[in-house]
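Report on one structure; see the data block that follows.
The values are calculated or read from the model by the stated rules, or taken from the named source; none is laboratory data. Just so it is clear, the model here is predicted, and its values are computed rather than measured. So basically every Cβ, Gly included, is an ideal-geometry build from the backbone, and we count neighbours across all protein chains shown. Heavy atoms of the whole protein, side chains included, go into the accessibility calculation; ligands, DNA and RNA do not. Shrake-Rupley method; radii C 1.70, N 1.55, O 1.52, S 1.80 Å.
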Amino acid sequence: MLLRNSIITMVLATALLAGAGARAQDAKYPNLKGQWVGVGAAMDAAWDPGKPAGAGQQAPLTPQYQTIYQATQARHASGVKDPTTCLPPGMPRTMVMYQPMEIIVMPDTTYLMITYMSEFRRIFTDGRKWPAEVEPSYAGYSIGQWLDEGKTGQFNVLEVETRGLKGPRTLDASGLPLHEDNETVVKERIYLDKNDLNLLHDEVTTIDHALTKPWTVVRSYYREPNPVWSEFVCSEDNHQVMLGKENYVISDQGYLSPTRPGQPAPDLKYFQPKK
């Protein structure tokens, strides 16, 4: 009986020590629990929130991609909008965050769970090296590290680098282009505001062959005190149809309809008209 009680005591002591260790480890990380929503974010938000949309962004585009962007703007001005697809926006545009995200911090991985398009970012903080090959994705492959810049025993900055992206992607809804080679590299510094722990900042630096230099903007997010989590299902309200390289729309009456004047009809060679 004495031996049994001693074993139980040892087990309980081990469990308490493990729990204390886990709590001490958790205390190293900032409190990022809750729901985070982009400050001033919207589906059509400009990439740099500190500047006007469109040409006012003063994006450092190369001459080639400046021409591409001007053509996109002219097309939009004529009433022809880009198709609304169910493809995720991809990095770095993902971080506009006009719908909520949840951040889960674990010792080896920080997870960003994003409502819009159900994007899911894994930021590996386990000290791994870059793999020889990366399977491209819209969220990309992210490696990061937590920093204690004030030497306080508390991590206060998460530095992240993201590669391995696929496209097509743009920086915002105005069509600010990224290079078609998809060799974008995104670097981030994520940290809580020193004066408001319910405000999160992300310094995002985009390095891309469509840009003449790295472009840094700061996106911010507020912590929603009374969060309501909703489901986003793109296909529920998406009436867009891509046939070949042409985009059409399903009208409210259920008919396939053009999206621009003079748009050619789709090839219906496999469909026989009613007699």
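Once the chain from Val218 to Glu180 is taken as fully extended at 0.36 nm per residue, the excess over their C-alpha distance is 11.3 nm. Per-residue surface analysis assigns Arg122 an accessible area of about 120 Å², computed on protein heavy atoms at 1.4 Å probe radius. Ordered from largest to smallest accessible area (heavy atoms of protein chains, 1.4 Å probe), the residues Trp229, Trp36 come out as Trp229, Trp36. Lysine pair count for the chain with Cα-Cα distance under 26 Å and sequence separation of 8 or more or different chains is 24. Counted residue by residue at 0.36 nm each, then reduced by the alpha carbon distance between them, the extension gain from Met242 to Val228 reaches 1.7 nm.
Each Lys and Arg adds +1 at its Cβ and each Asp and Glu adds -1 at its Cβ; summed about the Cα centre, the chain shows a dipole of about 240 debye. Ranked by solvent-accessible area (1.4 Å probe, protein heavy atoms only, all chains present), the residues His209, His179 order from largest to smallest as His209, His179. For the chain, the per residue solvent-accessible surface stands at 61 Å², with DNA, RNA and ligands left out and a 1.4 Å probe.
A Förster distance of 30 Å, applied to the separation of the beta-carbon atoms of Asn156 and Val39, puts the FRET efficiency at 0.90. Surface composition of the chain: carbon plus sulfur atoms contribute 56% of the solvent-accessible area (1.4 Å probe, protein chains only, all chains present).
Roughly what angle does helix 63-77 make with the longest principal axis of the chain, taking Cα atoms, 0 to 90 degrees, to the nearest 10? Tilt of helix 63-77: around 70 degrees. Taking the average, over residues, of other Cβ atoms within 10 Å as the packing measure, peptides 146-153, 159-166, 103-110 rank 159-166, 103-110, 146-153 from highest down. Taking one quarter of the surface of the convex hull spanned by the alpha-carbon atoms of the chain gives a direction-averaged projected area of 24.4 nm².
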